[in-house]
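**Student:** Quick one: the structure is below, questions incoming.
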Amino acid sequence: GDSAKEITRKIIFLVALITLIVTLWQVIAYYIDPLINGSKVNDMRDRYHNALASGEPWYQDLYAQNNDLVGWVQIEDTNIDYPVVQAEDNDYYLRRGFDGTYTRYGTIFMDYTSFVREDTESRNIVLYGHNMKDDSTMFGQLPRYRALDYYKEHPIVTFNTLYYNSEWKIFAVMTTNAFKEQDNGHVFEYRQANFVDDNE
């Protein structure tokens, strides 16, 4: 029995209320996500480092939680200290945590064309991680390698896989475009996983 003016007022009020609730939810989620993600990552780091220190296979507990696990990447004295997963494409872990739940941080993941097996591996293993603005999570510290002094302090990347533990010495750092439209139709194919021979 409300008048048209009253119905319009109520509709506007409901739309405004829904907009406010959705906005508040997104703001709260934005500030809670780092706390939740950080807690989960710290728990995994503790389990990883405790297993290494005790001489146990570091991956058993984590692999039981997520069998997409392929390794662990770490650069000493940086915040880069994460599990590495691999999916059937390069989109799945962009916005999913190790446990599969949504997080804007995603998870460090290996390119779906790269592989690590017990008896062989890709000639080129590509790992992806977000370059977060806060510079303290995921691969946010990698741009610091543009400075030679930073490289001298952090020249080794540890990449432990389910099959072997290894350390890699960084010998070059480069920045490249990822899409042809970013450089007049040219792109450096950094993702190529396998090669016909050593010359290629």
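The values are calculated or read from the model by the stated rules, or taken from the named source; none is laboratory data. Treat the numbers as computed from the prediction; the structure is a model and nothing was measured. Quick reminder, even Gly has a Cβ in these numbers, built from the backbone with ideal geometry, and neighbours come from all protein chains shown. All accessible areas refer to the heavy atoms of the entire protein, side chains included, with ligands and DNA or RNA removed. Shrake-Rupley method; radii C 1.70, N 1.55, O 1.52, S 1.80 Å.
**Student:** Pull up the cross-link candidates among the lysines for Lys152, meaning alpha carbon to alpha carbon under 29 Å and not fewer than 8 places away within one chain.
**Tutor:** Within the straight-line cut-off, Lys152 pairs with Lys133, Lys169.
**Student:** Still on this structure, please answer the following. Rounded to the nearest 5, what % of DSSP beta bridges with both residues in the chain are antiparallel?
**Tutor:** On the way: 17 of 18 bridges.
Among the beta bridges of the chain, antiparallel pairing accounts for roughly 95 percent.
**Student:** Also, quick follow-up: So if I place +1 on the C-beta of Lys and Arg and -1 on the C-beta of Asp and Glu, and nothing else carries charge, what would the dipole magnitude of the stretch 23-92 be about its Cα centre? I want it in debye, nearest 20. Please list the in-between numbers first.
**Tutor:** Values: 3 positive and 12 negative charges, 45 e Å.
With Lys and Arg at +1 and Asp and Glu at -1, about 220 debye.
**Student:** Working from the alpha-carbon coordinates of the chain, get Rg over Rh, Rh being the Kirkwood radius.
**Tutor:** Computed over Cα atoms, the ratio is 1.12.
**Student:** Any idea of the accessible area per residue across the chain, 1.4 Å probe, to the nearest Å²?
**Tutor:** Normalised by residue count, the accessible surface of the chain is 67 Å².
**Student:** Can you pull out the GluC sites (Glu not before Pro) in the stretch 1-110 whose DSSP state is coil and whose Cβ has at most 14 other Cβ atoms within 10 Å?
**Tutor:** Glu76, Glu88
**Student:** Can you pull the percent of the stretch 114-157's accessible area that's carbon plus sulfur, 1.4 Å probe, other chains left in place?
**Tutor:** Carbon-and-sulfur percentage of accessible area, whole number: 49.
**Student:** A follow-up question, please. Which Cα, out of His154, Asn131, Tyr59, lies furthest along the positive dipole direction of the chain (beta carbon charges, K/R +1, D/E -1)?
**Tutor:** Asn131
**Student:** Hey, what angle do you get for helix 4-54 against the long axis of the chain, alpha-carbon based, 0 to 90 degrees rounded to 10?
**Tutor:** 20 degrees
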